[in-house]
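What follows is a single structure, written as structure tokens, with notes after it.
Only the coordinates and a few stated rules stand behind these numbers; no lab work does. For clarity, every value in this text was computed on a predicted model and none was experimentally measured. Quick reminder, even Gly has a Cβ in these numbers, built from the backbone with ideal geometry, and neighbours come from all protein chains shown.
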Amino acid sequence: MSINVSLTIGLTKSRQYGETARRVAPGGSPDGKWWEPDLIYAARAKGSHLTDLDGNELIDYYCGAGPIIIGHADPEVNQAVIDTMQNIGVQFALPHRGSIGLAEKLSRCFPSAEMSVFCNAGTDTAHFAVRTARTFTGRPKIVKFEGGYQGWADPVAMSTNPKASAFGSEDAPHTVPDTGGMPPGVVENTIILPYNNLEVAARRLEKEKREIACVFVEPYIHGFGIAAKPGFLRGLADLCAANDIPLIFDEIVTGFRHGIGGMQKIEGITPDMTIIGKAMANGFPISALVGKRRYMESLFPRGAAFFSGTFNGNPLSTAAALKTIEILERPGFHDRLYKSGDTLRQAIGEAITRLNVKAVCYGYGSVWYLVFDSRPPENYRDVYKYRQDGGSRIEEAYRHHMLNRGIFIFPGRGTRSYISAAHSAQDIQRTIDAAVEFLTAHQHDLR
Ligand SMILES: Cc1ncc(COP(=O)(O)O)c(C=O)c1O
């Protein structure tokens, strides 16, 4: 089976600009967001649309890698930031009404948020979460799941996307660094477990409980579209409690995107600590480590876990977060967002059935995926096998087709797509039509 779709939209200016950019930044991308050969340079974004340097106006399902939940450059959020800038200030490196107000707000939103600290990115909070757990327990090791992404910091930058030649057996995955420059001591202290497998988790946690400082888990691995099976998160929480190991939820993606209070509220599970970011401020840079008091008091200045950051909790980002949460709390906000996701999933799903093709359109709330397999993956190895068996090539053709129709899906790899409240019914219908057109055109190759 071979499905090839060439890009037909004009990318001349992006490509020319890429030559200039490569002289001054690795890969032509100073933000580390890089993909070849079709690196698009952004010109501007508003509402549900992103415009590139060539003037292509694209319906944007990348949403700035997830944070854009209300819509690009939302006037209300922007105004809150402008007012703060003009009347309050830009940077204090001191606590202020905005940061304390936001901590109070998070306590009301998230079951696990008795106390909060703020950073600028998800990675910062992941690093501080690990440090806090290690300080609290006095133990060196952490547990994370194969395929999970908790950011680029050393302790967690492991086995996010490992190759078969390195990843070991399914029951005892090897710890595979995501990056060069990883000291062996760090690798030894990160244990990798298979997602959705409570048996393996039970054995490993029991065996190494005296050395494990925390279990770090995403309640939905959105990087690869892997949902937690019913009972998995509850079982993991019970195992952590039984073995006296702190449980940390990574709700950087799910935090405000799936609802006020994140997946922990939906699932009725209260982890010991949580990291939140992305959709919390509709694109302004802020993240939070929140948790139960006894863990959070391990942090500086009360505890020994050093915590700092010049821009942490700055007035512009806290103002953006407070306004964003206020908008998200308005009646029906998430219902409308979920409905857009359901409409897409249902219409594309019906076309899949009608055309009898091997594909599945699934996801959660405002995140949707179209993969060319008979069912959604249950763990990283399912994704790996599917991609090696030709899934990656079909997904690339699909992304190119969508781009040719003016629709921007998560670039580079995979088909993760975020919806914002600015995506109109027409945007959604255009997207359905384009996806169905792809399925129809390639139906014989997709069986
Ligand atoms: C689940 C999850 N955790 C952590 C991170 C790291 O966040 P950041 O890129 O803001 O450092 C990401 C980023 O994509 C993520 O998806």
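Points worth noting:
- Prolate/oblate/rounded call for the stretch 287-370, Cα gyration tensor, a/c under 1.5 rounded: prolate
- For the stretch 211-274, the ratio of Cα radius of gyration to the globular rule of thumb 2.2 N^0.38 Å stands at 1.06.
- Extreme residue, positive dipole direction of the stretch 292-415, given options SER317, PRO331, ILE352 (C-beta unit charges): SER317
- Full extension of the chain between GLU326 and ARG210 gives 37.5 nm of extra length, using 0.36 nm per residue less the Cα-Cα distance.
- Förster-model FRET efficiency, 56 Å R0, ARG23 and LYS339, C-beta, rounded to 0.05: 0.75
- Ranking TYR386, ALA421, LEU205 by how far each Cα lies toward the positive end of the dipole of the chain (charges on Cβ) leaves LEU205 at the top.
- Residue-averaged 222 nm ellipticity for the chain, from DSSP H runs of 4+ at -39500 (n - 2.57), nearest 500: -11500 deg cm²/dmol
- Only Cα sites of the stretch 310-419 enter the Debye sum here, all with the same form factor; the resulting log10 I(q)/I(0) across q = 0.20 1/Å is -1.07, listed in q order.
- In this label model, GLU57 and LYS358 are separated by 4.0 nm, measuring between points 7 Å along each Cα→Cβ vector.
- Within the stretch 376-415: backbone nitrogen closer than 12 Å to the LYS229 label point (7 Å, Cα to C-beta): 378-379
- Footprinting exposure proxy for HIS49, HIS174 (fewest neighbouring C-beta atoms within 10 Å first): HIS174, HIS49
- Charge-dipole axis of the stretch 1-146 as Lys and Arg at +1 and Asp and Glu at -1 on Cβ define it, positive-most pick from HIS72, ALA21, TYR61: ALA21
- Centre separation in Å (Cα based) which lies between the stretch 157-206 and the stretch 211-250: 15 Å
- For the chain, the Cβ-based charge dipole about the Cα centre amounts to some 340 debye (Lys, Arg positive; Asp, Glu negative; other atoms uncharged).
- Anchor LYS207: aspartates and glutamates whose Cα lies under 15 Å away (excluding residues fewer than 8 positions away in-chain): ASP171, GLU199, ASP244
- Cα centre as origin, Lys/Arg/Asp/Glu Cβ charges: the stretch 321-396 dipole, Debye: 80 debye
- The simple Förster model, with R0 at 22 Å and r as the Cβ-Cβ distance, assigns ARG413 and SER169 a FRET efficiency of 0.30.
- Just so you know, the averaged projected area of the alpha carbon convex hull for the chain sits at 21.1 nm².
- A Cβ-based charge dipole, computed about the Cα centre of the stretch 161-238 with Lys and Arg at +1 and Asp and Glu at -1, lands at about 100 debye.
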